[in-house]
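The values are calculated or read from the model by the stated rules, or taken from the named source; none is laboratory data. Since the structure is predicted, the reported quantities are computational estimates derived from the model, not experimental observations. When we count neighbours, we look across all protein chains shown, and the Cβ atoms used for this are built from the backbone with ideal geometry, even at glycine. For accessibility, only protein heavy atoms count, side chains too; no ligands or nucleic acids. Shrake-Rupley method; radii C 1.70, N 1.55, O 1.52, S 1.80 Å.
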Amino acid sequence: FNDTSDRHFTIIDKPVVPPTPSITLTTLNNGEGLAKGSQVATSWRTENVPDNWILTVRLNALDSTGIARAVLTTTAFETAATFTVPLDIPAGRYMVVVDACAPTTEPNCVSDASEQPVLVTDGVPNLDPRVVLVSPNGGDIYIKGDSQTATWTASNIPANWIVTGRINAHDTTGIVRSVFITF
């Protein structure tokens, strides 16, 4: 027994779906204080974002002024930069937003915002010691025995202080182990 289709059909290669681009702000996520006129370092991580995309860091006001000020423009090739907090914006709470956009011939953008607003002040920035974990920072999966790199930012840490990191178990064992130490 056999049969033949009633009409011709076409077989094509499986379409290739390009990887989805993404960007993640890795600093200025924890409600930092920023003094007008001060130099501020910020960083981000991109995945599948072409190097020629334009990257913009903005301060977006959380009040009725609607201020959205671009403070830095670079290419997605960069992963960190420094900007000056504008002198001509009102003091207040701002979300830090980072965008990576394709050239105008192929409009496409990805963005991320700070987890907490920053506080722009007229005065001196907060100089309290601060350590902020950059990665791992949630959602990561690790295999026992593999080495992993932890990264963090630190500011205003006295030279004689020791920065340590540890993993805290979230189960009934209550195990706490130091997994890295640095001076």
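What the table shows:
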quantity	calculated
Probe 1.4 Å, accessible area per residue of the stretch 1-66, Å²	71
Charge sum, other residues only, whose C-beta stays under 13 Å from Ser22's C-beta, Lys/Arg counted +1 and Asp/Glu -1	-2
Under 10 Å, Cβ to Cβ, from Leu119 - net charge with Lys/Arg +1 and Asp/Glu -1	0
Charge sum, other residues only, whose C-beta stays under 15 Å from Thr74's C-beta, Lys/Arg counted +1 and Asp/Glu -1	-1
Most to least packed among 17-27, 31-41, 147-157, 1-11 [average Cβ atoms within 10 Å]	31-41, 17-27, 147-157, 1-11
Percent accessible area from carbon and sulfur atoms, the stretch 37-150, protein chains only, probe 1.4 Å	52
